[in-house]
Amino acid sequence: MQHSTSPLWVITGPTGVGKTEAAMRIADHFPVDLISADSVMVYRDLNIGSAKPSKDELARYPHALVDHIDPEIPFDAGQFVSAATAAIHQSWEHQRIPVLVGGTILYLRALLYGLDRLPAASVEVRAAIRDEARTHGWARLHAELEAHDPILGQEIHPHHSSRIERAVEVLRLTGSSIRSFWSGPSLSSETFGQACRPEMLILWPEDRDALRERLASRFDAMLAVGFLDEVQQLMQRGSLTHEHPSMRSVGYRQAWQYLQGDSDFETMRGTAIMATRQLAKRQLTWLRREQNAHQLLVGSTLNSQAVLNWAASLR
């Protein structure tokens, strides 16, 4: 590389905007290694519901951290940072450019800005929180957070159970809001152990309403190609439950509830589409804070040439 610092490219944006396609187009023209930053694609056998690239696409465009771990095994931001950092260094050692691609903002922030100094998880506290949620609902726990920290209450959606669980856990363990542990805006040099030059491309939907409709159509397409069969097979593993983080992912959670008889088909479909739209909204909220990123507006189709122009400008 001609630069004194090591390159790191990041392609991100809301769900359904075309991140994987953009990464594959870049891989057609530049010496890059793709590294997934997606908290669902990391699990094996979660294929349709995660919009994972096909087997043929993965053979042509390998993604590190896709099909990385079994769905019974929890995978968190700390594990992601360790695995992604190893993949980044391997790419640098081969004189190639690592490209992070994905929309799991927690993963990207942990990697780029450093892990928060949060207390370790407590099995006992989490069990108590889940018991309360089953008895009183997640809305009551969300209200507890909002009463302590109104800003946090606005940033965490009342239906985002995994984030509510962790925030309540931190509050009960420390007496402080989880926001007080969040990292500042400066890049963490500790993560990479060497000078790094991250460049971020945010794919931004040109029309938010059009994205909402596209997300609904995409979920219907997933149903048409066997998404419910995929979840049924996961349920039959025996070792996997609805409490595992992999099965609390958007789409999988709603499909599991439907297949075990807790909702009807139309309710499942409607709540899954709504949850996907809410995920996209949260992602966009976080990405607005990235002041130094390059934004590319995406309409009904991805402008591949604009993506390639961005990559070429970094060489």
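Could you tell me how many of the residues in the range 163-219 are in contact with a Ser or Thr (Cβ under 9 Å, 6 or more places away or on another chain), modelled with pLDDT under 85 and on the phi < 0 side of the Ramachandran plot?
So the count comes out to 8.
Go through the range 85-103 and count every residue that is open to solvent by less than 60 Å² (accessible area, probe 1.4 Å) and either over 21 Å from Arg25 (Cα atoms) or in contact with a Cys (Cβ under 7 Å, 6 or more places away or on another chain) (or both). Please lay out each step first, then the result.
At the first step, the residues of the range 85-103 found to be open to solvent by less than 60 Å² (accessible area, probe 1.4 Å) are 85, 87-89, 91-92, 97-103.
The next check asks that each one be either over 21 Å from Arg25 (Cα atoms) or in contact with a Cys (Cβ under 7 Å, 6 or more places away or on another chain) (or both); those that pass are 85, 89.
Of the residues in that region, 2 qualify.
Go through (1) without any contact (Cβ under 8 Å) to a residue 40 or more places away in the chain; (2) of a type in the set (D, E, K, R); (3) surrounded by 15 or more Cβ atoms within 10 Å (Cβ to Cβ) one by one and return the number of the condition Glu155 breaks.
Status for Glu155: all satisfied but (1).
What is the residue count in the range 291-312 for residues that are out of contact with any Leu (no Cβ under 9 Å at 6 or more places or on another chain), closer than 12 Å to Leu201 by Cα and buried (at least 16 other Cβ atoms within 10 Å of the Cβ)?
Kept after step one, since they are out of contact with any Leu (no Cβ under 9 Å at 6 or more places or on another chain), are these residues of the range 291-312: 291-292, 299-301, 304-305, 308-309, 312.
Filter once more, keeping what is closer than 12 Å to Leu201 by Cα: 291-292, 308-309.
Now restrict to residues that are buried (at least 16 other Cβ atoms within 10 Å of the Cβ): 308.
So the count comes out to 1.
Can you name the condition, by its number, that Ala77 falls short on among (1) small (Gly, Ala, Ser); (2) at pLDDT 95 or above; (3) surrounded by 17 or more Cβ atoms within 10 Å (Cβ to Cβ)?
The number of the failed condition is (2).
Rundown of residues vs (1) open to solvent by less than 50 Å² (accessible area, probe 1.4 Å); (2) free of Cβ contacts under 8 Å to residues at least 60 places away in the same chain; (3) closer than 20 Å to His157 by Cα; (4) among the acidic types (Asp, Glu), yes/no style:
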| position | (1), (2), (3), (4) |
| --- | --- |
| Leu240 | yes, no, no, no |
| Pro245 | no, no, yes, no |
| Arg248 | yes, no, yes, no |
| Gln260 | no, yes, no, no |
| Glu266 | no, yes, no, yes |
| Thr271 | no, yes, yes, no |
| Ala275 | yes, no, yes, no |
| Gln278 | yes, no, yes, no |
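Can you tell which of Arg166, Arg126 is in a helix (DSSP H, G or I), open to solvent by 20 Å² or more (accessible area, probe 1.4 Å), closer than 27 Å to Val101 by Cα and without any contact (Cβ under 8 Å) to a residue 60 or more places away in the chain? Outline the logic, then answer.
Details: Arg126 fails: closer than 27 Å to Val101 by Cα.
The match here is Arg166.
The values are calculated or read from the model by the stated rules, or taken from the named source; none is laboratory data. Quantities reported herein were computed from a predicted structural model and do not represent experimental measurements. Virtual Cβ from ideal backbone geometry, glycine too; neighbours counted across all protein chains shown. Calculation scope for accessible area: heavy atoms of the full protein, side chains included, ligands and nucleic acids excluded. Shrake-Rupley method; radii C 1.70, N 1.55, O 1.52, S 1.80 Å.
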